[in-house]
């Protein structure tokens with residue numbers, strides 16, 4: 001009996017399920033090979049096991065469909081009728097090639113995305129899922145991890161460059177957008193650049209002051225577009241605290257400053273460094289840490305600000321509201337921008353909130369409802385925690401302060417245990433609550449809690465911002481590094 005024939009006989013007698021991709025299968029996952037068998041290679045076939053590895057990371061539907069079609073045609077006698085349905089479902093849901101031989105419904109796809117929170121989540125999910133689901137999940141996570149580590153910065157720069165080119169940006173503006181990505185560690189959305197163009201038309205000689213008559217000044221990343229960072233040399237940490245207010249979480253990037261008497265400012269808020277902001281929020285840093293949603297884009301935020309100013313603003317500012325608001329709405333109509341306070345993205349975010357934090361904005365982190373991994377409630381509710389923070393902030397003696405810190409220790413210990421058990425959202429909630437309240441004695445606690453949990457969630461940019469902010473946390477409204 002020839003060697004090839006012997007291998008084929010062994011393949012036929014193998015009790016495992018035939019892999020639908022046959023000899024073209026590129027999977028190296030041991031769980032996959034434990035469940036599926038693969039036919040032996042013929043002599044004239046390419047023996048390079050990595051010949052299809054690049055297909056794994058292609059997201060184009062055409063390539064995936066062609067690959068799946070070829071595999072189905074060759075192994076038609078080994079795959080059940082349900083396989084074709086499975087292929088269609090997988091292509092529509094996430095454009096990925098899966099190990100499983102059964103189609104995943106859209107609900108299962110959503111459950112798998114919940115499991116991306118961490119590796120511990122994989123372990124518990126394995127107990128509740130089949131080996132096929134484990135294999136699919138592991139391959140999805142490996143692909144995501146690789147993309148996160150290698151492609152995030154490149155993707156941000158490409159997206160920003162695309163937006164700038166769409167709006168006929170100058171070569172100088174393209175360079176500044178790259179500068180923002182490198183120094184502030186985030187990309188700014190399309191409406192940010194559109195708003196700069198609008199303000200430059202309102203006040204051609206200094207777009208930063210285009211809204212000064214209504215009490216707003218463009219700051220933060222707008223300083224970059226205005227050319228204020230030319231020939232400026234600052235440390236990496238200094239860029240991260242440029243116009244970062246005392247109670248701002250790392251997710252907030254300030255772009256407009258208002259009344260300094262209350263520390264009023266408006267900024268973009270995003271849940272992860274890689275994604276564009278879901279909305280803008282406002283805060284009065286000298287009053288409290290409450291973040292108030294202001295719409296899904298900066299035009300909507302300014303429009304809501306002007307509407308409020310009509311009710312509460314001084315008469316000198318009211319004189320200019322009509323002029324600026326009319327110009328803004330004309331620009332919005334031309335650009336077809338939504339001025340509503342809530343859009344579908346904001347509504348969808350509401351459904352993902354796992355905790356109502358002291359800053360009132362709500363925390364969004366990966367959470368798996370099946371395994372209950374990703375978040376657990378703090379040891380104290382917000383009201384009791386806020387009371388202890390207030391007492392600590394107002395304590396006069398070291399003895400009293402030490403007693404209060406002792407009372408808070410179980411909360412810190414509980415948060416650390418949650419981190420160890422893969423509930424990373426708990427540590428972020430604790431850090432947020434410390435920042436929102438404003439108690440300075442716990443800056444180091446907030447820094448450690450946020451940095452550790454952000455990094456475990458692969459949110460490195462937020463970890464670096466938290467570290468820079470807590471080491472140089474400034475009160476007041478003179479927050480420019482220029």
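Coordinate-derived values only; no laboratory data. Computed from a predicted structure; not experimentally measured. All Cβ positions, glycine included, derive from the backbone under ideal geometry; neighbour counts span all protein chains shown.
Here are the numbers:
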| quantity | calculated |
| --- | --- |
| Residue-span extension gain [residue 391 to residue 275] - 0.36 nm each, minus C-alpha spacing | 38.0 nm |
| Protection proxy ranking of 275-283, 254-262 - average other beta-carbon atoms within 10 Å, highest first | 275-283, 254-262 |
| Residue 213-residue 290 FRET efficiency (beta carbon distance; Förster radius 35 Å; 0.05 resolution) | 0.85 |
| Simple label model, 7 Å out from Cα along Cβ direction - residue 307 to residue 323, nm | 2.4 nm |
| FRET efficiency, 1/(1 + (r/R0)^6) with R0 25 Å, evaluated for residue 174 and residue 335 via beta carbons | 0.80 |
| Spin-label proximity, residue 400 to the stretch 353-392 - amide N less than 16 Å from point 7 Å beyond Cα toward beta carbon | 387-392 |
| Residue order, fewest to most beta carbons within 10 Å, for 371, 292, 312, 272 | 312, 292, 272, 371 |
| Gained length - residue 41 relative to residue 413, 0.36 nm times residue gap less alpha-carbon distance | 128.3 nm |
| Per-pair calculated FRET efficiency, R0 = 25 Å: residue 228 and residue 346 via Cβ, rounded to 0.05 | 0.20 |
| Against the rule of thumb 2.2 N^0.38 Å, how large the Cα Rg of the stretch 218-287 comes out | 1.14 |
| Over 26 Å [Cα-Cα, the stretch 167-471], rounded percent | 48 percent |
